[in-house]
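The values are calculated or read from the model by the stated rules, or taken from the named source; none is laboratory data. Fair warning: this is a prediction, and the values are worked out from it, not measured in the lab. Here Cβ is always computed from backbone atoms with ideal geometry, including for glycine, and neighbour counts include all displayed protein chains. Please note that ligands, DNA and RNA were not included when accessible areas were found on the heavy atoms of the full protein model with its side chains. Shrake-Rupley method; radii C 1.70, N 1.55, O 1.52, S 1.80 Å.
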Amino acid sequence: MPHAVLDILSARDTRRIARHAPAADAARFLHPAQQALLHRRGWLTMLAPHSAGGAELPLPQVVRLEEAVAAVDGSMGWVLTLCAGAGWFAGFLAPDMARSIIGTPRVCLGGSGAATGYAEEEGDGYRITGSWDYASGAPMATHFTLNARLQRDGQPLLDAEGKPRIRAFLVPAALVQLVPSWNSIGMRASASHSYRIDGQWLSKEHGFTISPDTATADSPLYRYPFYSLAYVTLAANAAGMAAHFMQLAEECMRHRRHARAGLPLLDVPEVVSMLQGKKEAYTAARARFYAVLDDSWAQVAGGAALDDDAMQAVQDSSLALVAVCRSAVDGLYPYCGLYAAREDSAINRVWRDFHTASQHSLLLP
């Protein structure tokens with residue numbers, strides 16, 4: 001995998017993540033040593049504001065770290081990305097609430113963006129009911145984020161366009177019931193289970209709105225558009241997993257012979273050309289992706305807002321990178337032999353992880 005990716009992680013952390021990845025996959029949740037590393041390094045709060053006790057790292061640094069972790073273990077990279085991403089919401093909470101949450105021992109925020117529940121106005125708060133899917137890292141979450149449709153006296157509250165009003169909430173795990181549901185072939189250790197809440201009351205301070213205008217932390221990190229942040233962090237995970245797959249695929253190909261040509265695969269000119277082409281396309285798409293990300297961040301850090309063209313460029317470069325990753329993984333897999341189809345092989349785990357993660361709705365071709 002690219003040295004630029006691995007250099008972001010120490011060799012010791014890389015070994016620790018890799019050593020426990022097979023056991024985590026088999027157990028369908030991150031190994032305790034992987035969880036401990038996430039907490040010890042403070043990675044789960046790297047997008048939370050300084051004022052709340054978070055690291056508030058620049059977005060390009062965060063994205064490169066997420067790619068690096070995903071290049072060692074896709075499930076751990078995904079949990080890091082989704083849970084640190086939920087920590088970003090602390091920049092939109094009332095400051096006292098944000099500090100109390102981010103200051104929770106071994107804090108981990110998980111959740112879902114789907115508005116599959118409702119919040120009934122009651123007194124100085126809301127009574128929440130509903131169920132939500134795909135909360136990555138759910139078993140280690142201390143808090144859950146969710147979106148809910150607002151109601152008053154059992155009737156939906158509508159916006160100026162007549163559409164249901166939706167508000168985001170951050171809920172302590174003690175009010176949440178986990179529903180084991182994550183049975184995917186890949187990303188097993190992400191433990192992206194469902195959860196439900198049955199009529200639990202929350203004060204209004206647990207609600208928030210995601211918009212640069214409503215940020216409570218004064219930092220360019222919270223002026224960066226939400227969907228642009230989502231695209232770059234998810235695409236980086238796909239890039240990390242694809243890099244790992246390409247490395248393992250080349251190792252497989254080094255030990256295989258071409259049945260018709262009678263030569264080792266890597267002595268067949270057409271195969272070598274195909275492999276080189278996949279690598280070059282990946283390198284070019286990744287370079288373009290980071291150039292766009294770094295430029296967009298520089299704009300926001302300089303005080304400017306991203307216009308529609310800039311946000312479209314972020315989305316386009318992210319999806320272009322994922323498309324190249326899909327082409328590389330799917331193009332190289334047939335050359336890897338039956339070893340790659342063995343469920344207990346590293347390359348099979350990476351293949352399963354990549355094809356599960358890349359099914360995310362934002363990453364549609």
* **Exposed GluC sites (Glu not before Pro) absent: longest stretch of the chain, with sites in DSSP loops and at most 14 other Cβ within 10 Å deemed exposed** => 162-342
* Asked: How many nm separate the modelled label positions at residue 258 and residue 8, each set 7 Å beyond the Cα in the direction of the Cβ?
  -> 3.6 nm
* the chain: calculated mean residue ellipticity at 222 nm from DSSP helix runs of at least 4, using -39500 (n - 2.57) -> -15000 deg cm²/dmol
* To do: Averaging sequence separations of C-alpha pairs under 8 Å and six or more residues apart, then dividing by the length of the chain, give the relative contact order as a whole percent.
  => 18 percent
* To do: Take the Cβ-Cβ distance between residue 272 and residue 341 as r, set R0 to 22 Å, and report the resulting FRET efficiency rounded to the nearest 0.05.
  => 0.40
* **Charge tally in the Cβ shell below 15 Å around residue 84, where Lys, Arg are +1 and Asp, Glu are -1, residue 84 excluded** => +1
* Structure fact -> Of the accessible area of the chain, computed with a 1.4 Å probe and all protein chains kept, carbon and sulfur make up a percent value of 53 percent
* Structure fact -> Given the candidates 333, 231, 42, the one whose Cα lies deepest towards the positive end of the charge dipole of the chain, counting +1 at each Lys or Arg C-beta and -1 at each Asp or Glu C-beta, is 333
* Could you give the dipole magnitude of the chain about its Cα centre, charging the beta-carbon of Lys and Arg +1 and that of Asp and Glu -1, in debye to the nearest 20? -> 1260 debye
* Asked: Can you give the FRET efficiency for residue 219 and residue 181, using 1/(1 + (r/R0)^6), R0 = 30 Å, r = Cβ-Cβ distance, to the nearest 0.05?
  -> 0.25
* Which three semi-axes in whole Å describe the equivalent ellipsoid of the range 238-323, each the square root of 5 times a Cα gyration tensor eigenvalue, listed largest first? -> 39, 11, 9
* Sum up the charges of everything whose Cβ sits under 15 Å from the Cβ of residue 309, counting Lys and Arg as +1 and Asp and Glu as -1, but leave residue 309 out. => -4
* Asked: If each of residue 96 and residue 298 carries a label point 7 Å out from its Cα toward its Cβ, how far apart are those two points in nm?
  -> 4.3 nm
* Asked: With springs only between Cα atoms under 10 Å, which of 344, 218, 308 fluctuates most in a Gaussian network model of the chain?
  -> 308
* What does the charge dipole of the range 234-365 about its Cα centre add up to, to the nearest 20 debye, if the Cβ of each Lys and Arg holds +1 and the Cβ of each Asp and Glu holds -1? -> 700 debye
* Asked: Roughly speaking, what is the centre-to-centre gap between the range 24-79 and the range 229-246 when only Cα atoms are used, to the nearest Å?
  -> 14 Å
* Structure fact -> With the charge dipole of the chain built from beta-carbon charges (+1 for Lys and Arg, -1 for Asp and Glu) about the Cα centre, the Cα from 241, 199, 168 projecting farthest to the positive end belongs to 241
* Asked: How high is the FRET efficiency from residue 281 to residue 309, r the C-beta distance, R0 22 Å, rounded to 0.05?
  -> 0.35
* Over the range 126-203, relative contact order from alpha-carbon pairs under 8 Å, at least 6 apart, % -> 47 percent
* Stretch residue 327-residue 121 to full length: gain in nm at 0.36 nm per residue minus the Cα-Cα span? -> 69.3 nm
* Asked: When only C-alpha pairs under 8 Å and at least 6 residues apart count, what is the relative contact order of the range 255-365, in percent?
  -> 22 percent
* Dipole of the chain (Lys/Arg Cβ +1, Asp/Glu Cβ -1, origin at the Cα centre): which of 90, 54, 71 lies farthest to the positive side? -> 71
* Fully extended contour minus Cα-Cα distance, from residue 251 to residue 163, at 0.36 nm per residue -> 26.3 nm
* residue 37: net charge of surrounding residues, Cβ under 9 Å, Lys/Arg +1, Asp/Glu -1, itself excluded? -> +2
* **Rotationally averaged projected area of the range 197-292 (alpha carbon convex hull; nm²)** => 11.3 nm²
* Structure fact -> For the pair residue 129 and residue 204, the simple spin-label estimate (label points 7 Å beyond Cα toward Cβ) gives in nm 2.3 nm
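For the chain, what is the accessible area per residue in Å², given a 1.4 Å probe and the full set of protein chains?
Computed with neighbouring chains in place, this is 43 Å² per residue.
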* Treating the beta-carbon of each Lys and Arg as +1 and of each Asp and Glu as -1, no other charges, what is the dipole magnitude of the range 1-142 about its Cα centre, to the nearest 20 debye? -> 760 debye
* Going by a 4.7 Å Cβ-Cβ cut-off, which cysteines of the chain have no partner at all? -> 83, 108, 325
* Structure fact -> By the DSSP-based rule, helices of the chain that are at least 18 Å long along the axis (C-alpha) and have a mean Kyte score of at least -0.5 are 74-87, 226-254, 269-301, 308-332
